[in-house]
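S.K.: Below you will find the structure I want to go over with you.
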Amino acid sequence: MNTYETILTRRSIRSYLDTPVDPGDLKEILEAGTWAPSGVNLQPWYLVAIQSKEKLEMLGEVMERVSAKIEPSLKARFANAPAVVDETTQFIRKLGGAPVYILAFQLKPDYENTADMINLSIGAALENILLAARDKGLGTCWLTAPVEAEVGNELRDIFAPGKGPLVALITLGYPAKEARVPKRKDGRYTIV
């Protein structure tokens, strides 16, 4: 698969097979994240891949609370689509049964540079992870729900003590089904 095809066929997967991710593939995917560009080459990311049953359960307990905490905002946003609210809260609660979760933290508790530059750099690393996973036939979903639910510090204390704030969580595994292609919105770029 070429790069452009990988970009166009990547989807957010919300249901996974109970199949372990090959350790070599996981390492390559994480390594791809570390090759992202970053502002002034800070490389400000710290990635934690969770795959042990004990640690998956620990994260699952936190995600149960995350789902409950963000449900009211989802109900307000999708008032005319209760099925979307149910599907989203269920996914957040169980993370689609993915066999691996990747937590992305800022490397340090504080940076002199702007938070935007740090988080944009981490976002580039996360995109590399999503594309490297797709290239290996794996599915992913990028979530910010734990940040929105304000449990990032709790997750940092459990999985990355001494590091900076949580930026995002990615689910990783073999898709149980293909996700539909979301409609692209017009007017999102201009050539001048």
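The values are calculated or read from the model by the stated rules, or taken from the named source; none is laboratory data. The structure displayed is predicted, hence computed values, not measured ones. All Cβ positions, even for glycine, are placed from backbone atoms using ideal geometry, and neighbour counts span all protein chains on display.
S.K.: Would you check if ALA124 is on the phi < 0 side of the Ramachandran plot and within 14 Å of the chain's Cα centre (by Cα)? Outline the logic, then answer.
M.R.: Numbers: on the phi < 0 side of the Ramachandran plot: yes; within 14 Å of the chain's Cα centre (by Cα): yes.
Here the answer is yes, as ALA124 does meet what is asked.
S.K.: I'd like the residue in the range 131-144 that is of a type outside the set (Lys, Arg) and not in a helix (DSSP H, G or I) and, out of all such residues, is farthest from GLN90 (Cα to Cα).
M.R.: Taking the range 131-144 and keeping what is of a type outside the set (Lys, Arg), we get 131-133, 135, 137-144.
Keeping just the survivors that are not in a helix (DSSP H, G or I) gives 137-144.
Details: GLY137: 24, LEU138: 21, GLY139: 18, THR140: 16, CYS141: 14, TRP142: 15, LEU143: 13, THR144: 15 Å.
By that ranking, first place goes to GLY137.
Yes/no matrix, rows are residues, columns are (1) surrounded by 13 or more Cβ atoms within 10 Å (Cβ to Cβ); (2) among the charged types (D, E, K, R):
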{"residue": "ASP110", "(1), (2)": "no, yes"}
{"residue": "ILE129", "(1), (2)": "yes, no"}
{"residue": "LEU143", "(1), (2)": "yes, no"}
{"residue": "PHE159", "(1), (2)": "yes, no"}
{"residue": "GLY164", "(1), (2)": "yes, no"}
{"residue": "GLY187", "(1), (2)": "no, no"}
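S.K.: Return the total of residues in the range 9-43 being of a type in the set (Lys, Arg) and closer than 18 Å to GLY97 by Cβ. Quick ask: steps written out before the conclusion?
M.R.: Narrowing the range 9-43 to residues of a type in the set (Lys, Arg): 10-11, 14, 27.
Filter again for closer than 18 Å to GLY97 by Cβ, leaving 11, 14.
Number of matching residues: 2.
S.K.: Within the range 31-53, take every residue that is modelled with pLDDT of 95 or more and hydrophobic (A, V, I, L, M, F, W, C) and give me the one that is farthest from ILE129 (Cα to Cα).
M.R.: ILE50
S.K.: Here is a follow-up. So, of the residues in the range 150-186 that are in a loop (DSSP other than H, G, I, E, B) and among the small types (Gly, Ala, Ser), which turns out to be nearest to SER12 (Cα to Cα)? First the steps, then the outcome.
M.R.: First pass over the range 150-186, keeping only residues in a loop (DSSP other than H, G, I, E, B): 150-151, 160-165, 174, 176-186.
Now drop any that are not among the small types (Gly, Ala, Ser), which leaves 160, 162, 164, 176, 179.
Details: ALA160: 25, GLY162: 30, GLY164: 26, ALA176: 12, ALA179: 7 Å.
Top of the filtered list is ALA179.
S.K.: Among the residues of the range 71-79, is any at pLDDT 95 or above, aromatic (Phe, Trp, Tyr) and either touching a Phe, Trp or Tyr at 6+ places or on another chain (Cβ under 9 Å) or in a loop (DSSP other than H, G, I, E, B) (or both)?
M.R.: no
S.K.: Shifting gears a bit: Pick out the one residue from VAL147, VAL84 that is surrounded by fewer than 19 Cβ atoms within 10 Å (Cβ to Cβ), among the hydrophobic types (A, V, I, L, M, F, W, C), in contact with a strand residue (DSSP E or B) (Cβ under 7 Å, 6 or more places away or on another chain) and assigned to a helix (DSSP H, G or I).
M.R.: Working: VAL84 fails: in contact with a strand residue (DSSP E or B) (Cβ under 7 Å, 6 or more places away or on another chain).
One residue alone meets the criteria, VAL147.
S.K.: Same structure again: I need every pair where a residue in the range 105-121 that is more than 8 Å from PRO44 (Cα to Cα) has its Cβ under 7 Å from the Cβ of a residue that is among the aromatic types (Phe, Trp, Tyr) and modelled with pLDDT of 90 or more, sequence separation at least 6 or different chains.
M.R.: Listed by first residue and then by second, the contacts come to PHE105/TYR46.
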